[in-house]
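Report on one structure; see the data block that follows.
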Amino acid sequence: MDIYESSLKETVEGLLEALPSVWDRIRSNLRAAGTGKFGITLEQFHVLRHIRRGYRSVGDLAAKKQISRSAVSQAIEVLVAKGLVTRRQEGGDRRRILLELTSHANEVLDANFAENRLWMEGKMASLDREDLGCVTRAMDILKRTFTPEES
């Protein structure tokens, strides 16, 4: 095995070791903020986030999350009851229902994102400028490497 192959294997192993624990901590913080301060579960947070990103029907959400339409419908029922999501008929088609976030849902998402960013900044505050730049460059490289190519 040459030096490049050895370095490649070491990098892949390091990535597979680091990313799950980093993501687990971020998810744990999102979950704690969501349930503790905003009264939503992590799953509900993700549904709200996907609606904000343009997945505005039960079918779209089910496809994105790779879960059943009935599971998404149940989640939407809870979010509607909490005043975070509204349903609106699209045009004259009673079968096409669009999901929209309420202003309260947007406030909850914004506050949760802001709190999580502050938490992450606190975790990374001990890094020097060089290390911060290294992390930024690494994230850019990973994003380029793993973003699907558009055809």
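What follows draws every value from the coordinates through simple rules; no lab data is involved. Please read all numbers here as calculations on a predicted model, not as lab measurements. Cβ placement follows ideal geometry from the backbone for every residue including glycine, while neighbour counts extend to all protein chains displayed.
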Q: Please give, to one decimal in nm, the separation of the simple spin-label points placed at R137 and K9, each 7 Å out from Cα toward the Cβ.
A: 2.6
Q. Can you sort I3, I40 by how many other beta carbons sit within 10 Å, fewest first?
A. I3, I40
Q: Could you tell me which of M124, H50, L84 has its Cα farthest along the dipole of the range 16-151 towards the positive end, charges placed at Cβ (Lys, Arg +1; Asp, Glu -1), taken about the Cα centre?
A: L84
Q) Using mean Cβ contacts within 10 Å as the protection proxy, how do 42-53, 96-107 order, highest first? A) 42-53, 96-107
Q. Listing M124, M1 from the residue with the fewest other Cβ atoms within 10 Å to the one with the most, what is the order?
A. M1, M124
Q.
Can you tally the net charge around R96? Count Lys and Arg as +1, Asp and Glu as -1, for every other residue whose Cβ sits under 13 Å from the Cβ of R96.
A. +2
Q) Considering the chain, what Rg and Dmax in Å follow from its alpha-carbon atoms? A) 19.6, 65
Q. Suppose R0 equals 30 Å; then what is the FRET efficiency for V78 and S21 from their Cβ-Cβ distance, rounded to the nearest 0.05?
A. 0.50
Q) For the chain, what is the calculated [θ] at 222 nm in deg cm²/dmol (nearest 500), taking -39500 (n - 2.57) for each run of four or more DSSP H residues and dividing by its residue count? A) -23500 deg cm²/dmol
